[in-house]
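Undergrad: Take this structure, written in C-alpha cells, and hold onto it; I'll ask about it next.
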Amino acid sequence: MCGIVGYIGNNDAKEILLKGLEKLEYRGYDSAGIAVSNEEGVHVFKEKGRIADLRKIVDDEVFAPTGIGHTRWATHGVPSQVNAHPHKSASGRFTIVHNGVIENYDLLKKEYLPNQELKSDTDTEVVVQLIEHFVENGMNIKAAFVQTLKLLKGSYAIALLDDQNKEVIYVAKNKSPLLVGLGDSFNVVASDAMAMLQVTNKYVELVDKEIVIVEKSGISIETLDGEVISREAYTAELDASDIEKGTYPHYMLKEIDEQPLAIRKIIQEYQGQDGKLTIDSAIVEAVKNADRLYIIAAGTSYHAGLLGKQFIEKSAKIPVEVHVASEFGYNMPLLSEKPLFIFITQSGETADSRAVLVHVKELGYPTLTITNVPGSTLSREADHTLLLYAGPEIAVASTKAYTAQMAVLSILADVTAKSKGYEPEFDLIHELGIIANAMEVIFEEKEDIEKIASEYLATTRNAFFIGRGIDFYVGLEGSLKLKEISYIQAEGFAGGELKHGTIALIEDGTPIIALATQESVNLSIRGNVKEVVARGANPCIISMKGLEMEGDRFIVPAVHEMLTPLISVVPLQLIAYYAALHRGCDVDKPRNLAKSVTVE
Ligand code: F6R
C-alpha cells in the first residue's frame, strides 16, 4: 500500500527513484509520481497506472540530484493523474509525498485554509498547504513542518521538498513505515529497505512523531518537541537476488516453489546446537506464564492463526483465541487474567494488527509478534519477536509466509509443550523435513494441477471449498487465494455447514473443492460431497495418500495428521495461480489489493 522513496546526493535522482518505486510495486498501487529538484526548480512527473506509464512521461533531459517518489493506493479520491503524488503547495515552493490517512484533513482545511482551492481530492494536499500556510504566517520551514505534524490525526509517512532549500528532504512518520538509508555522500528515504537496496544496505529506523532532516552529508533526528535523538544504523540482511523474479514468470510461482527451502531454513534457524528445537527462553516463559493466548491477525495470517490454535492447544495445552485484527477493537472479548497477545503478520506493518498492539500495550499486556520482516513496526513495538525466515515475499497473494507461519507456530507449540514437561507425540524436526520433501513431490505434478484449474475454474463464476476439522481452515485459505487473484467468488465452508444455507447456490457444474486429509472425518466430508453432487456440483476432492478413494482428483503425499495444512494448501495455491493465469489476471498484482495494508 503506498510507497515512498527519496534520494539526496550527487547523482541524478530520477533513475534511482524510479528503480526504487519499481521495488515497491509489490505493495499495491494505482498511480505513481516523482518530484526532482535542481537549480531550475522542482519538476513533478506523475501518472495514473504503472511505473512503466510514469517512465514514459519523465523528461530524460532533467538532471536533478534530489528527489522524492511515491506509489499511491487510492484512499481519498479516485486513482488519477491529479490525485497522484507528489503534490505541490499553492505557490509551488513545497512538494510532498505522503502515505497513510489524515483523519482530520477536512477539519484542518476548514479551520486553517477556508479559502484555499485544492487541486486534488486527497488528504495529502491539505498537509502541504498547511505547511505553506504556517510559513506564510512567519514560521521557518522546520517549525511549520512540526506545527503541521502536531495537528495531524491519523497515520502518515511524509517526505517534503522545499524549493528554497534544495539541500534537504524533510521526513516524518506516524504509524506508517519509513526508513532512512545511509550512503557515502548521499542518503535515501524508503518505505522499506528493499526499495533502496540498489544503493545502500545501511538503514536507520524512524520512530513515530519524529522528524528527520535528510541531507547528502548526514541526517539529524528530532522529536516533535525538539529533543535530538541519536540512533545507530543497522544492516538490512537482504540479498538483492531474493527480490528478483529470476527465470520465473511470476513472483507467486517463485514463492510457492520456495516453500520447501523456507521450511528447511526455519528448522535450521530454530535448531539449537544440541540438534533440538529451541526458542528464546523469554518467549517460552511468556507463553507458559499466560493463562490464555490471543492471536491477532488479518487475512492469510489469520488463517495461519486458526491452525496455530490447534497446534498450541493440542501440544502445549494452553487455551487460544484467534481474532480478526480489524474487529478486535469493537468486539473485545472478556480477557483472561494473564493474557499474552500474539500478532501474526507477514509484513509486520498491518495497520489493523498494529492498532490492537498499541491498545493492548496501553493496557499493560505482554506481546509477541510473529513476522517475516525483522525491524518491522510490529516487531519493534512488541515485547518479543519470532521470525519466519521465509525470505522476502513480493507477490500480493501470500504463500510461503503462510506455510512458514504454520511451521513457526508448530515449533512454538512443540517447544512450549516440552518446557511444560509434556512428552511430544512426534519428532517435529523429522516431520517438518517430510513436509519439505512432500512439497517438492507436489511440484512435480504442476501440469496436472494446471489441468484442474482449467477444467474446474476456467469459466466459473463461483467456487466453494469445503473441509472438516483443520481441513476447513485450509479451505478458507484456498478460497482466499483463489478469489484474490482470479476474481472468482470463492468461499470456504465447514463441510457440514453448506446444507444450512449455502447449498442453495449449488447449480449444475458449480465447482466444489473438498479436502480430505483427516482420517477422523474422511467419511463425513465425502458424505458432504455427495450432498452437493446430488444437486449438480462438480466435485474436486483433494485427499491424502492412505485416505484416498476412487475418483479423488489429487492426492497429496502422507504427512503427520496435525501438519497436513502445510501440504494440502500447496495444490490450492497452485490451483489459484493457474486459474488466474487462465483467466488472464495479473497474478502478482491483483486489482484493488495491496501487499502491505498500512491503513486501518
Ligand atoms: C492474502 C494476504 C493478506 C494478508 C493480510 C495480512 O494473500 O496476503 O490477506 O495476509 O493482509 O497481512 P500481514 O500478514 O502482512 O499482516
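The values are calculated or read from the model by the stated rules, or taken from the named source; none is laboratory data. Keep in mind that this is a model prediction, so the values were computed, not measured. With ideal geometry, Cβ positions are generated from the backbone for all residues, glycine too; neighbour counts draw on all protein chains shown.
Undergrad: Got at least one residue in region 352-371 being within 17 Å of V597 (Cα to Cα) and surrounded by fewer than 17 Cβ atoms within 10 Å (Cβ to Cβ)?
TA: Yes, the conditions are met somewhere in region 352-371.
Undergrad: Of everything in region 458-468, what is surrounded by 22 or more Cβ atoms within 10 Å (Cβ to Cβ) and touching a Pro at 6+ places or on another chain (Cβ under 6 Å)? Give them in sequence order.
TA: A463
Undergrad: What tally of residues in region 177-202 results from selecting those that are in contact with a helix residue (DSSP H, G or I) (Cβ under 8 Å, 6 or more places away or on another chain) and not hydrophobic (A, V, I, L, M, F, W, C)?
TA: 6
Undergrad: Assuming G492 fulfils every condition listed in (1) in contact with a strand residue (DSSP E or B) (Cβ under 7 Å, 6 or more places away or on another chain); (2) under 19 Å from G308 (Cα atoms); (3) more than 16 Å from the ligand (Cβ to nearest atom) apart from one, which condition is it?
TA: Every listed condition holds for G492 apart from (3).
Undergrad: Name the residues in region 276-306 that are over 19 Å from the mean Cα position of the chain (by Cα) and in a helix (DSSP H, G or I), would you?
TA: S281, A282, I283, V284, E285, A286, V287, K288, N289
Undergrad: For region 459-488, give me the residue count where each residue is more than 16 Å from the ligand (Cβ to nearest atom) and touching a Lys or Arg at 6+ places or on another chain (Cβ under 9 Å).
TA: Number satisfying all stated conditions: 2.
Undergrad: Looking at region 396-416 only, could you name the residues that are among the hydroxyl-bearing types (S, T, Y), away from the ligand (no atom under 11 Å from the Cβ) and either under 22 Å from the mean Cα position of the chain (by Cα) or closer than 26 Å to Y251 by Cβ (or both)?
TA: Correct list: T403, S410.
Rundown of residues vs (1) part of a helix (DSSP H, G or I); (2) in contact (Cβ under 8 Å) with a residue 60 or more places away in the chain; (3) buried (at least 24 other Cβ atoms within 10 Å of the Cβ), yes/no style:
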residue	(1), (2), (3)
G6	no, yes, yes
N10	no, yes, no
L17	yes, no, yes
A35	no, yes, yes
A52	yes, no, no
K56	yes, no, no
E61	no, no, no
G69	no, yes, yes
H76	no, no, no
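Undergrad: Another question, then. Quick check, is S185 more than 25 Å from the chain's Cα centre (by Cα), in the same structural domain as N10 (by TED's automatic domain parsing) and of a type in the set (S, T, N, Q)?
TA: yes
Undergrad: Would you point out the residue of region 300-311, among those that are crowded, with 23+ Cβ neighbours inside 10 Å and not hydroxyl-bearing (S, T, Y), that is farthest from the ligand (Cβ to nearest atom)?
TA: For region 300-311, the residue satisfying everything is F311.
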